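This report concerns only the one structure given below.
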Ligand SMILES: Cc1cc2nc3c(=O)[nH]c(=O)nc-3n(C[C@H](O)[C@H](O)[C@H](O)COP(=O)(O)OP(=O)(O)OC[C@H]3O[C@@H](n4cnc5c(N)ncnc54)[C@H](O)[C@@H]3O)c2cc1C
């Protein structure tokens, strides 16, 4: 389905697919087993432009529109969602926060390095006690009045973050911490170099899916950063997090489209060669029923993702479109992977085919960057004008 894509967009998609077929698909099961992708792929992905997409050329990126970004995320999701997450957290959540809310110095310092992936970023919002209720986070940043005269007070940050993608690999952590007791309005964002004294990242092993990707707990004990590390105004951190997550949801939705597409291709390939009762199983109507459902999910999820990308490209409001795309595509990815395993029978339950991994990787997509329930609350509030959050 190539609805009104430009030649440039199609060319990038084809380049991305060729690259991932060579560099990722043959290794993804091993990476999954090892609980780490081979990080040697990161600079290669950067060279192709994955990390620089939608970051302007003046900041070392490759520019490009959000439809192209969506296509890139789809290809990454089709190949290996662990890779998609590395890119969309580092140059997406962290890079976009800096691009849209950072000072000129912060943009000059961090964006070229995130765009060429010589540095990776992580996004530290979730805490053990606050996931969906992120506005009530408890990590704290306090201005130190003893900072030398002639410059703004340093900030001293204490707290803990949970489930942080890229946490043990990142060079910079975007940390959201409380600077006053004013609920979501008391949260401020900081760019914290991960080699700062008092900063520790511990990897969380044994995940159901996304096993090739580092997920970590972060501990900040009296981590000192200059005021120049503050991203945006004091008290605007929660707004920054929420606006960045809207674009993040496009990346998750597009990655899920890739999962659904991968499930479709795997199911068609298997069903047309696997023989039972003397015929390919694709000739049975009930098997076609499963494949038809996956096919419709692929188209519907892709169109919702593209609609959101197109709204961003045209400068239109896109938050609710992002929620709808993320909600539908993530639920569709779980459904499609489940259907694809059904098409494969027992063979789908082991790692000889990609569908078991697709299901394990898909499962988190309805949880992170706002659960399906949270997306429904956002959509419901938009439709009714009534907030059901509290
Ligand atoms: C692999 C992985 C990677 C992640 N990466 C990152 C990252 O890079 N950075 C980061 O900051 N976070 C990250 N997260 C955290 C993720 O965003 C949270 O897990 C998610 O926001 C849900 O929070 P929670 O786990 O605390 O669940 P909870 O908020 O405790 O939710 C539990 C259940 O209650 C429901 N619920 C909660 N509140 C409501 C409500 N008001 N109405 C109805 N239902 C409700 C939820 O929908 C869910 O079903 C990651 C998580 C995972 C698993």
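FYI, it's all coordinate maths here, none of it is from the lab. Keep in mind the model is a prediction, meaning the values are calculated, not measured. Cβ placement follows ideal geometry from the backbone for every residue including glycine, while neighbour counts extend to all protein chains displayed.
Listed values, structure above:
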quantity	calculated
Where Rh is the Kirkwood radius over Cα pairs, Rg/Rh for segment 346-390	1.30
Hypothetical label at residue 136: residues of segment 169-195 whose amide nitrogen lies under 15 Å (7 Å Cα-Cβ projection)	181-186
Normalised alpha carbon radius of gyration of segment 121-235 [divisor 2.2 N^0.38 Å]	1.06
Candidates 325, 253, 300, ranked by Gaussian network fluctuation over the chain, Cα under 10 Å, top entry	300
Gaussian network model of the chain, springs between alpha carbon atoms under 10 Å - residue of 282, 269, 309 with greatest fluctuation	269
With Cα atoms, 0 to 90° folded angle of helix 7-23 axis to the chain main axis	80
Choice from 177, 356, 152 showing the highest fluctuation, given a GNM over the chain with Cα pairs closer than 10 Å	152
Evaluated over segment 239-384, the Cα radius of gyration and Dmax, each in Å	16.9, 60
Whole-number Å³ per residue for the convex hull built on Cα positions in segment 1-137	139
Length-normalised contact order of the chain in % [C-alpha pairs under 8 Å, at least 6 apart]	16
Rounded FRET efficiency, nearest 0.05, which uses the C-beta distance separating residue 383 from residue 269 and R0 of 35 Å	0.30
Kirkwood hydrodynamic radius of the chain, from inverse mean 1/r over distinct Cα pairs, in Å	21.4
Principal-axis tilt of helix 237-273 within the chain, Cα atoms, nearest 10 degrees	20
Degrees, to the nearest 10: 104-115 long Cα axis against longest axis of the chain	30
